[in-house]
1. Name the helices (runs of 4 or more DSSP H) wholly inside the range 369-455 in which the number of residues that are within 16 Å of the ligand (Cβ to nearest atom) and farther than 27 Å from Leu257 by Cα is 1 or more.
2. Can you tell which of Gly100, Gly125 is surrounded by fewer than 16 Cβ atoms within 10 Å (Cβ to Cβ) and either in contact with a strand residue (DSSP E or B) (Cβ under 8 Å, 6 or more places away or on another chain) or part of a strand (DSSP E or B) (or both)?
3. Residues of the range 496-530 being away from the ligand (no atom under 16 Å from the Cβ) and hydroxyl-bearing (Ser, Thr, Tyr), which ones?
4. Which one of these does Arg478 not meet: (1) touching a strand residue (DSSP E or B) at 6+ places or on another chain (Cβ under 6 Å); (2) within 16 Å of the ligand (Cβ to nearest atom); (3) farther than 30 Å from Ile39 by Cβ; (4) of a type outside the set (Ser, Thr, Tyr)?
5. For the range 330-340, what are the residues that are loosely packed, with under 13 Cβ neighbours inside 10 Å and out of contact with any His (no Cβ under 9 Å at 6 or more places or on another chain)?
6. In this structure, does Ala493 turn out to be of a type in the set (A, V, I, L, M) and within 13 Å of the ligand (Cβ to nearest atom)?
7. Being closer than 25 Å to Leu257 by Cβ and β-branched (Val, Ile, Thr) is the filter; apply it to the range 282-327 and report the residue that is surrounded by the most Cβ atoms within 10 Å (Cβ to Cβ).
8. Which members of the range 515-532 meet the condition of being touching a Lys or Arg at 6+ places or on another chain (Cβ under 6 Å), more than 15 Å from Leu498 (Cβ to Cβ) and part of a loop (DSSP other than H, G, I, E, B)?
Amino acid sequence: MPDTAPLKNRRRLHAFLCEQVGGDKIAIINFGSQYTRLIARKVRELGVYSEIYSAQSTTQQLLDFAPRAIILSGGPESVDSHSAPEVGFDLQALNVPTLGICYGMQWLARQYGGKTKRVDSREFGSVLIDVQGSSALFDGMQADCGAKHTVWMSHGDSVVRLPSGFSAIAETEYTPIAAMADESRSWYGLQFHPEVTHTVCGTAILNNFIHKIARCSPSWQPANIIARSVDSIRRIVGDEHVLLALSGGVDSSVAALLLQQAIGKKLHCIFVDNGLLRAGERAQVVETFERHFGVDLYVVDAQDAFLRALKDVDDPEQKRQIIGRMFIEIIEKQALTIGKIDWLAQGTIYPDIIESAGAEGAHLIKSHHNVGGLPERMKLKVLEPLAYFFKDEVRKLGAALGLDKEIIERHPFPGPGLAVRVLGPLDKESLQLLRRVDTLFLKALRDHHLYDQVAQAFAVILPVKSVGVMGDRRQYGRVVVLRAVESEDFMTASSAELPTALLAEIASRIVNEVPGITRVCYDLSSKPPATIEWE
Ligand code: XMP
């Protein structure tokens, strides 16, 4: 696929940032594991910049990135299967310390003369491993965790013959080769997952690999990331002006403050009130950005236009398309009104890029062309200052930039807003009912210190009516659903186990305090098979 202009700008900004961070980098090769992202985050938490590359990346692409070490992720396939991911690079040519995790270890084994086999005694869950010998990877482990310690296994295949140059460095009851090492090349394999918290010494093992074996410097720290991001943005923007679409969520808010530090008065922000916002949201954005941070903020009241365009539309995809299109039109119009705008900035973050590159991870990142649904014909250049940051890193940047805790800790809110939470066609009354229910629900969670315990919580209003009885009178009113989920990355989620007594109290308050609602349900579905939002 051709490199689009927006993608080029993202890579340019990123190249400046990497150049400035100046430290060592680690490439994570994705074989499709659900934990790949977690590995990348763990490495960054240990102070080293990491990036996810697809298994099909070429040797040259990886050489261009110049990683100090490589981590091969796990994956759902068998290395011997015809559906195993193709590999586009030559590990020997890269010649850097390498750690293969689960599938990554099996791939290493198969590639370099070893053998893997589907075994009857598959291991899933916590398992005790017994460390053997004195590998650099397990340095200090005996003292910290004892000779035997708990690790997290999830595999059906095992390495049954070591590749040449390797020796076994750990075993479990059912897996004689639970870890292997070729110390001369600094190549290692772990059958278990060091990146998950269930592996007691997992962080220590990763730390050994990153800092002691690969000798990476811990230069990826929030304090210096801000200064360097600011410099990178200044370099790429120069004397030009930037318009940022501000939603009030944590990503665009942090992007705004970073840009403000970098380019000051050359930053202009637009906040579109599309009538699909939660209660008090517009006022909060104005208060925070205009009054407190002194940002040049344009608030566009487009409530009526959005409601008109969405009248009678009940198909969720159509709703999203209409909303997306209108956003772009309003932003473009505003850019023309302000004049002199060269850039459109967005709060895109790294998981957005990873996700839009395809669920199976076959062409992660390198083939990514999604810039948030912006049309190709758009003249503005796209600036994404957070494109290579994870959410927790964005939150740390926000805190360091002085953003309110309330905004930093805010749950995600979808771009199409309440339009995808009023099921079926939209109308003002449903939106108003939903806002009241949502506010009451979230306040109750905050009052009970549960808001920060769940990844996302919200209410949905259904296009059905149900019978109730209040004060001996029959009522025929609307039904709302409360949803609270626990999730690491929003790709999978489970329903949060909120106390039943609290849910009953909230349900009772909703029916009593929001006229028109007769019934409250709690959504127990997990994702998959359901999604987090209802539309
Ligand atoms: P789903 O419903 O796909 O949601 O399980 C996963 C996460 O994404 C958010 N979401 C969106 N965010 N634009 C956004 O910016 C959208 O169109 C959109 N749809 C869903 C959702 O709130 C959840 O956090």
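The values are calculated or read from the model by the stated rules, or taken from the named source; none is laboratory data. Since this is a predicted model, take the numbers as computed values, not measurements. No Cβ is skipped: glycine too gets one built from the backbone with ideal geometry, and neighbour counts run over all protein chains shown.
1. Result: 428-447.
2. Step by step, each of Gly100, Gly125 is checked, and only Gly125 is surrounded by fewer than 16 Cβ atoms within 10 Å (Cβ to Cβ) and either in contact with a strand residue (DSSP E or B) (Cβ under 8 Å, 6 or more places away or on another chain) or part of a strand (DSSP E or B) (or both).
3. Across the range 496-530, the qualifying residues are Thr500, Ser508, Thr518, Tyr522.
4. Condition not satisfied by Arg478: (2).
5. Within the range 330-340, Lys333, Leu336, Thr337 qualify.
6. yes
7. Per the criteria, the residue is Val285.
8. The one that is touching a Lys or Arg at 6+ places or on another chain (Cβ under 6 Å), more than 15 Å from Leu498 (Cβ to Cβ) and part of a loop (DSSP other than H, G, I, E, B): Gly516.
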